Structure formats: C-alpha cells, structure tokens
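Just below is one structure, and these are the notes that go with it.
The values are calculated or read from the model by the stated rules, or taken from the named source; none is laboratory data. For clarity, every value in this text was computed on a predicted model and none was experimentally measured. So basically every Cβ, Gly included, is an ideal-geometry build from the backbone, and we count neighbours across all protein chains shown.
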Amino acid sequence: MKEYKTRDYVLKELELNRDSFITGAALAENLGVSRNAIWKAINDLREAGYDIEAVNNKGYRLADNTDVISIAGIEASISSCSSMSKVSSQRLLSRIIIYNELSSTNIVAKKNLITEELDKRIIIARTQTSGKGHGSSRFDSPEGGIYLSIIVTPDELRKPPLKTVAIGKLVGEVISEMTGKKITYDKETNRIYIGKRKVSGILTEYFADLETKEVSGYVIGIGIKYPGLSKNKTIALLLSKLYVHLINI
C-alpha cells in the first residue's frame, strides 16, 4: 500500500475519532501495515501542519485547535450533517480537489469548464492571492478562511436557471448555523454580514453561446472568513445543502 494512502487513512481515522485516542497498534492492524508505517504517517501529517497529540498507552488524536481543510476532514463531517446517501456523499467527495494556494479558485474552475476537465468540479484553496469579489473588487483571501468554486452544468440544476440569491440564502443559513449568529445578506453585492463585519462573498459566473445565448456552464465562487469557524464542518454542511437543494449529484 502506498505511503500517501496510509497517511490519508490515518488522517481519516483521527478526524472520525476526535474525542478519543487511537493506538498505533489499532491503526496498524486495521490498515494491515507496520507500526513504523503508522509512525511515519503521523510525522508526515505533523509536517503538513496537523497538531497531533500522543500519549503513552493511549495513542494519538488530533488537537482541538487543528482544523486543516482536507477531504478526510470533510468526509468525517459530512455524514453527521447531511441527508445525502452514502453513494451520493462519496460521489460528491470524489469531485473535490484541494490546493494550498491558488490565484483564484474561480479562475481554475473556469479553465476546467472551458477545457471540459470536469472530474474535479469542486475547487478548494486554503488561500488565494488574487481572489475575485463583486464587480472589479478583490476578495482578500488569507490563510484561515474558506475559498471554493463549484462547476455546475445546466443538466445538473434541480430548478434552472441558477440564481445567486438562492445560493446566498443557503450560504447565509450555513454561516448562521455554524456561528450561532444572525446574518444579513446584501442581494446587490452578494455579500453576507454578521453585524458590520463582512464574513462572506459569492460570485457566480456563467458561459453562454454568443449567438444562441444557451448557457453551457456555471462557476459558483464562495468565500467565507470568520474567526474560529470550523472549516471542514462548514464546507461539509455547505456542500451538502447546495447538492441537496440546488444541484443534482
């Protein structure tokens, strides 16, 4: 078994069991690898930014302050916050690709849409250097936020056409649920506020034939920034709501 798969398995188990320790022996037995392979996977995860506690005779667990965006983290959260079937959830997870840094998730998504590279339709970045906002404005995208773009083709829409207002309402619901705060959604700028703090922006772009005006695809860009927000849980809840209410999977 390849080392990166061992690391992914260990991360998934740690995410699924955040409230308890898992011994290296149990991880090794379940995966069918050596204790040394588990130890190496733990060290690789630490080097990647994960804070992992280790206690003699107890094992390993993720520290409470660890919240690195990962497919394993999203998968661990999606089962507890979604009404999607297991098959649909796995199909959704298979569409995700995560980058440490991009200029803009929307730029990458649009390129994939134009070139019909649609295997990975959910583009997530841990930070952006040139995030796009309303009009010609930039969306500041430092590390610690959530920045993602979703490619949607017309045949995937539950109720076409796609409306940014509907997306904004769902994003607002997610932020309110995750923070326990009342939000305000500005339909003119597609921005979401908690009090006077801007916590989210939505940018929807579409591609259409110049002559027939027929839409060939959409790119939904969403940015969320709020201190202490659980990123993996927020992404899991957001994607599950979008794919249950607006997009067929």
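How many of the residues in the range 102-137 are hydroxyl-bearing (Ser, Thr, Tyr), over 14 Å from the mean Cα position of the chain (by Cα) and modelled with pLDDT of 90 or more? Please lay out each step first, then the result.
The first filter runs over the range 102-137 and keeps only residues hydroxyl-bearing (Ser, Thr, Tyr), leaving 103-105, 115, 127, 129-130, 136-137.
Applying the additional criterion that residues be over 14 Å from the mean Cα position of the chain (by Cα) yields 103-104, 115, 129-130, 136-137.
Now drop any that are not modelled with pLDDT of 90 or more, which leaves 103-104, 129.
Looking only at that region, the number is 3.
With (1) at pLDDT 95 or above; (2) acidic (Asp, Glu); (3) touching a strand residue (DSSP E or B) at 6+ places or on another chain (Cβ under 6 Å) as the list, and GLU156 as the residue in question, which single condition is left unmet?
Condition (1) is where GLU156 drops out.
Looking at ALA109, is it of a type in the set (A, V, I, L, M, F, W, C), more than 30 Å from ALA208 (Cα to Cα) and outside any loop (DSSP other than H, G, I, E, B)? Walk me through it before giving the result.
Working: of a type in the set (A, V, I, L, M, F, W, C): yes; more than 30 Å from ALA208 (Cα to Cα): no; outside any loop (DSSP other than H, G, I, E, B): yes.
No: the conditions fail for ALA109.
Does LYS233 fit the bill of being touching a Ser or Thr at 6+ places or on another chain (Cβ under 9 Å), among the charged types (D, E, K, R) and within 16 Å of THR105 (Cβ to Cβ)?
Criteria not met by LYS233.
Can you tell me which of (1) modelled with pLDDT under 95; (2) surrounded by 17 or more Cβ atoms within 10 Å (Cβ to Cβ); (3) under 21 Å from GLY73 (Cβ atoms) is the one GLY217 doesn't meet?
Here GLY217 meets the rest and fails (3).
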